[in-house]
């Protein structure tokens, strides 16, 4: 079976698909990634054959950084709260990703027509994959990257993609679509049918630094805001959190990427270790807690590690994820200005919270893995043939 993985430019769109793609390769299937931007290098670094289908495209004009950091932080928060209220992706996001799909469509279609895949797996919001699947009359598999089920997503997306279908001479109709949810039922929110698959947390490969391979002298807490929040709104929301951390007997590992602007944070206490990009999974294996923005990938990786979480929602689906963390008993949900030494002590030392986070790992590992799901998808492709 030939499987084309069509992924929007963005690591948070690429990394959730890695487990299924690895499983396909192990099962003997051929796999090619069609993507663009930073996802191209990341897919190759993960060991996959990849084609940059829009090497000259400029995606920055679709997602411009407008206004000050404070203004962007407010806008991000308002959009996130709206998603939490409606439980669905806003039309403005569908519109923007239709523009992304337009930039990627010609290259993706050329690759698909040349390579003739039996199945197209696509990251949610990659509309060009729907056009290609309809043109080639092959099944499409929507791979989720959040805890939000949206059975109506393809139907809502179609009107925004119709001009693209028409430009490429493809009937503006959805192909056969199967959804894959990357978390067990208790973690999911919203309506929609699909296959449930155990996630394989992945945030890129890399070397483990010396300090991470040594015994830790005291409790350790990871602090991260993912990749989008620092880029759009900065890291100033952590100032009060880190001030409180300076009064707690623990090491706080500030993992904000390779080039964050730390001036917003002011002076940092001696128990705060600032690191560049660090592989999250080996870091979590040494941690007694994690403080993060509520991104789906970070939330799921932390849940797999059995590490208590403190979520500080900033935007997108963060509030849905943060409420789920509390509902499942694997962490706490606070606004950044609600975090003090007492909250941090609860995160690190509360025995009931730690026990609950560790017990939840059993629910995650009980879900069928990508090795089983790829067999189901092969059956879809076989039925088509």
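Every read-out reported here was derived from the displayed coordinates using simple, explicitly stated rules and does not represent laboratory data. Keep in mind the model is a prediction, meaning the values are calculated, not measured. Backbone-built Cβ (ideal geometry, glycine too); neighbour counts: all protein chains shown.
Who wins for biggest fluctuation among 218, 77, 327 in a Gaussian network model of the chain, springs between alpha carbons below 10 Å?
218
Distance between Cα centroids, the stretch 133-191 to the stretch 251-329: provide it in whole Å.
Here the answer is 30 Å between Cα centres.
First check a/c for the stretch 54-126, with a ≥ b ≥ c the square roots of the eigenvalues of its C-alpha gyration tensor; if it is under 1.5, answer rounded, and if not, answer prolate when a/b is larger than b/c or oblate otherwise.
oblate
At 7 Å along the Cα-to-beta-carbon direction for both residue 61 and residue 162, put a label point, then send me their distance in nm to one decimal.
2.5
Take the Cα atoms of the chain, find their three principal axes, and give me the spread along each one in whole Å, biggest first.
The Cα atoms of the chain stretch 63, 45, 38 Å along the principal axes, largest first.
Computed over the Cα atoms of the stretch 283-347, what is the convex hull's projected area averaged over all directions, in nm²?
Reported value for the Cα convex hull: 4.0 nm².
Roughly what would the spin-label model give for residue 340 and residue 137, points 7 Å off Cα along C-beta, in nm?
Using points 7 Å along Cα→Cβ, the separation is 6.8 nm.
Sum -39500 (n - 2.57) across every DSSP H segment of at least 4 residues in the chain, then divide by the residue count to get the 222 nm mean residue ellipticity, nearest 500.
After summing the helix terms and dividing by the residues of the chain, the value is -13000 deg cm²/dmol.
Compute the angle between helix 127-136 and the longest alpha-carbon principal axis of the chain, please, reported from 0 to 90 degrees and rounded to the nearest 10.
30
Could you tell me the ratio Rg/Rh of the stretch 1-141? Both radii from Cα atoms, Rh via Kirkwood.
Here the Rg-to-Rh quotient is 1.01.
What translational diffusion coefficient, in µm²/s and rounded to a whole number, does the Stokes-Einstein relation yield for the stretch 119-189 at 20 °C and a viscosity of 1.002 mPa s, taking the hydrodynamic radius as the Kirkwood radius over Cα pairs?
171
Just grab the label-to-label distance for residue 356 and residue 70, each label 7 Å out from Cα along the Cβ direction, in nm (one decimal).
Between residue 356 and residue 70, the label points sit 3.6 nm apart.
Cα axis of helix 318-327 to longest principal axis of the chain: angle in degrees, 0 to 90, nearest 10?
Value to nearest ten degrees: 60.
Ordered by packing density, taken as the mean number of other Cβ atoms within 10 Å over each peptide's residues, highest first, how do 83-94, 194-205 rank?
194-205, 83-94
Apply 1/(1 + (r/R0)^6) to the Cβ-Cβ distance of residue 216 and residue 193, taking R0 = 30 Å, and write down the FRET efficiency to the nearest 0.05.
Step by step, r from the Cβ atoms, then E = 0.10.
If only Cα atoms are counted, what is the Rg of the stretch 210-365, and what is its Dmax, in Å?
Reported Rg and Dmax, both Å: 14.2, 41.
Compute the acute angle (0 to 90°) between the alpha-carbon long axis of helix 296-305 and the principal axis of greatest extent of the alpha-carbon atoms of the chain; round to the nearest 10°.
60
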